[in-house]
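Enquirer: Quick one: the structure is below, and I'll ask about it shortly.
The values are calculated or read from the model by the stated rules, or taken from the named source; none is laboratory data. On a predicted model such as this, the values are computed, not experimentally measured, just so you know. Please note: Cβ atoms are built from the backbone with ideal geometry, for glycine as well, and neighbour counts cover all protein chains shown.
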Amino acid sequence: MKNIDIFEKSKLYMPGGVNSPVRAFTNTKVNPPIIRKGLGAYIWDEDDKEYIDFVASWGPMILGHNDFEVVNAIKAMVENAISFGAPTESELILSKHMVDTLDNVDMVRMVNSGTEATMSAVKLARGYTKKDKIIKFAGCYHGHFDGFLVEAGSGVLTERIPGSPGVPEGSIQNTLIAKYNDMESVKDLFERFGEEIAAIIVEPVAGNMGVIPGEKEFLQGLRDICTKCGALLIFDEVMSGFRVAYKGAQSIYKITPDLTTYAKIMGGGLPCGAYGGKKEIMEQLSPMGPVYQAGTMSGNPVVMAAGYATLKKLYDNPRYYKHMESTGCELENGMEGIAKEKGIPMVMNRCGAMMTAFFTDKTEVKNYEDAKTCDTRLYGKFFEHMLKNGVYIAPSQFEAMFIGVKHEKQEIEKFLEVMKNF
Ligand SMILES: Cc1ncc(COP(=O)(O)O)c(C=O)c1O
C-alpha cells in the first residue's frame, strides 16, 4: 500500500491514525510519510521516497538506523530470551554499565518509557521527602503523566492545549509552575510553599519548546535552593542524556542532581526508561523501601541488550561526540548564514547533537515566552519544503532536530542545499 492509503486506513483503527499525536503532522499541510525502513542516516517511506533523518525516532537513534552491533545484540538475545518477568543477567549488565560510567547514579531502576521514569522519580522524591508539591517549568515536557500536563511543551504546546481534559484538578494541585531560566520565579514559589516542595524537575537542556539550554547560574541556583530547603533536584535527561554528552547535561554544567531520568537513547530504539541517583534515595524503592513502583516488562532482556550495545558503543567511542559537535556546528553555521542571506528572522539554539532553528525576530530564545513568539506558519512552510525535498525534520517548531553519528558532511551539505531553495 502507498503512504496515503495506509494513513487513511489507519485512521479507522487508531485515533488520528497514530499512536502518538505528534506523528500525525496535524498542524501541517502534509500527511505523514509511512516509514518502511531505515539505515544509517536515512529512512524510506512506503512510496519509496528517501529522506535524511533528523528526527531519529525523536532522539533514540543516535547511532543511526539499524546499527549493526545493536541489531546483532537484539538478535542474539531473542534466540533465547524475550520476556520472563524474572531477573536476568542482562539487567545487571546494563545497570552496572550505567552506574560505572555515569557520575551521579549509584543505583538505577529500569522502566519502559520516559514518562514512567519521570513520574516514578517524582513519586520517589515525594516518598523520600514526605512532601507533596513539585516545581516544573513552563515549556518543559516530562511525559504524559497527569501531574506534568500543565503548561507542557512538545505536542501539548504544538496543539496549543493549555492542560488536558481528563486530568482532574486534584492531580495538578501539587504542580507549581516556574519560568525556565528565571531563578526569581523559583525563589518566589519556595517563599510561598517552601515547606511543601518535594522536588524540582527540570530538563537541564530543554528540548520540548525547541532546544533551550539552561543557563549555568540558573541550574546551579536550582541545586542550591533544593539543598537549602530539603527538596530533591531531578534532572530529566530523557532527551539530553547520552546526547549532549555521554554523561548528559549534568556533566557539561557540573551540577549534581539527586535523581536523573533517562529513556530514548538508553534503550537503543526499543521501549525503555530508567531513573537513578543517590543510593539512600533509591533504597526507598520497593522491595527495599516503602515506595511502590513495578512493571511486568521492566528490565526486559531484549531492551537491556539493545540498550547495553548502544551505551557501550557510545562510551567506547568518545570521538562520536566530537563528530556530532562538528557536524552540528557546521549545520548551525550554515543555517544561520542562509537565513541571513534570505532575510529570514531566525535564532539558532544548539547544545551538541540537539538543536532548533526558531523562526522569530527576537534576538535570543531563553524560555517558553520567547519560544511562543515564533512564526509557526513560516516554520510549517519550511518543514514542508524540507520534507518534500527529502529532509525529514520535526513537523513542529517546538521540537528538537537531532544530529547522529551517521550524519556526515554530505548529509549536512544536502540539508543546506535544500534550505537555500526555500
Ligand atoms: C525530556 C523528556 N522527558 C520525558 C519524556 C517522555 O518520554 P516518553 O515519550 O518515552 O514517555 C520525553 C519525551 O519526549 C522528554 O523529551
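Every residue, every condition in (1) at pLDDT below 95; (2) within 11 Å of the ligand (Cβ to nearest atom); (3) surrounded by fewer than 24 Cβ atoms within 10 Å (Cβ to Cβ), yes or no:
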| site | (1), (2), (3) |
| --- | --- |
| Leu233 | no, no, no |
| Phe242 | no, no, no |
| Ser251 | no, no, yes |
| Leu259 | no, no, no |
| Cys272 | no, yes, no |
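Enquirer: Let me ask another. Read through the list (1) in a loop (DSSP other than H, G, I, E, B); (2) within 21 Å of the chain's Cα centre (by Cα), then give the number of the only condition that Gly307 fails.
Expert: Here Gly307 meets the rest and fails (1).
Enquirer: Next up: Exactly one condition in (1) at negative phi; (2) buried (at least 23 other Cβ atoms within 10 Å of the Cβ) is not met by Asp132; state its number.
Expert: If we test Asp132 against (1) at negative phi; (2) buried (at least 23 other Cβ atoms within 10 Å of the Cβ), just (2) comes out false.
Enquirer: Cβ contacts < 7 Å: first residue in the same structural domain as Gly59 (by TED's automatic domain parsing) and of a type in the set (Val, Ile, Thr), restricted to region 352-367; second residue crowded, with 22+ Cβ neighbours inside 10 Å and outside any strand (DSSP E or B), any location; separation 6+ or different chain. Result?
Expert: Note: pairs meeting the criteria are Thr356/Val211; Thr356/Ala400; Thr360/Cys374; Val365/Ala371.
Enquirer: Tally up the residues in region 44-90 that are of a type outside the set (A, V, I, L, M), over 13 Å from Gly267 (Cβ atoms) and not in a loop (DSSP other than H, G, I, E, B), please.
Expert: Count: 13.
Enquirer: Let me ask something additional. If you go through region 34-51, how many residues are under 22 Å from the mean Cα position of the chain (by Cα) and on the phi > 0 side of the Ramachandran plot?
Expert: 1
Enquirer: Here's something else I'd like to know. Hey, does region 114-126 have a residue that's within 16 Å of the ligand (Cβ to nearest atom), polar (S, T, N, Q), modelled with pLDDT under 95 and surrounded by fewer than 23 Cβ atoms within 10 Å (Cβ to Cβ)? Give the derivation first.
Expert: Keep residues of region 114-126 that are within 16 Å of the ligand (Cβ to nearest atom), which gives 114-125.
Within this subset, residues satisfying the condition of being polar (S, T, N, Q) are 115, 118, 120.
After this cut, where a residue has to be modelled with pLDDT under 95 as well, the list is none.
Checked region 114-126: no residue is within 16 Å of the ligand (Cβ to nearest atom), polar (S, T, N, Q), modelled with pLDDT under 95 and surrounded by fewer than 23 Cβ atoms within 10 Å (Cβ to Cβ).
Enquirer: Further question: Looking at this structure, is Ala138 more than 19 Å from Thr260 (Cβ to Cβ), surrounded by 23 or more Cβ atoms within 10 Å (Cβ to Cβ) and not assigned by TED's automatic domain parsing to the domain that holds Asp375? Spell out the reasoning first.
Expert: Working: more than 19 Å from Thr260 (Cβ to Cβ): yes; surrounded by 23 or more Cβ atoms within 10 Å (Cβ to Cβ): no; not assigned by TED's automatic domain parsing to the domain that holds Asp375: yes.
Criteria not met by Ala138.
Enquirer: Could you say whether any residue in region 78-94 is within 16 Å of the ligand (Cβ to nearest atom) and either out of contact with any Cys (no Cβ under 6 Å at 6 or more places or on another chain) or hydrophobic (A, V, I, L, M, F, W, C) (or both)?
Expert: Filtering region 78-94 down to residues within 16 Å of the ligand (Cβ to nearest atom) leaves none.
Looking through region 78-94, none of the residues is within 16 Å of the ligand (Cβ to nearest atom) and either out of contact with any Cys (no Cβ under 6 Å at 6 or more places or on another chain) or hydrophobic (A, V, I, L, M, F, W, C) (or both).
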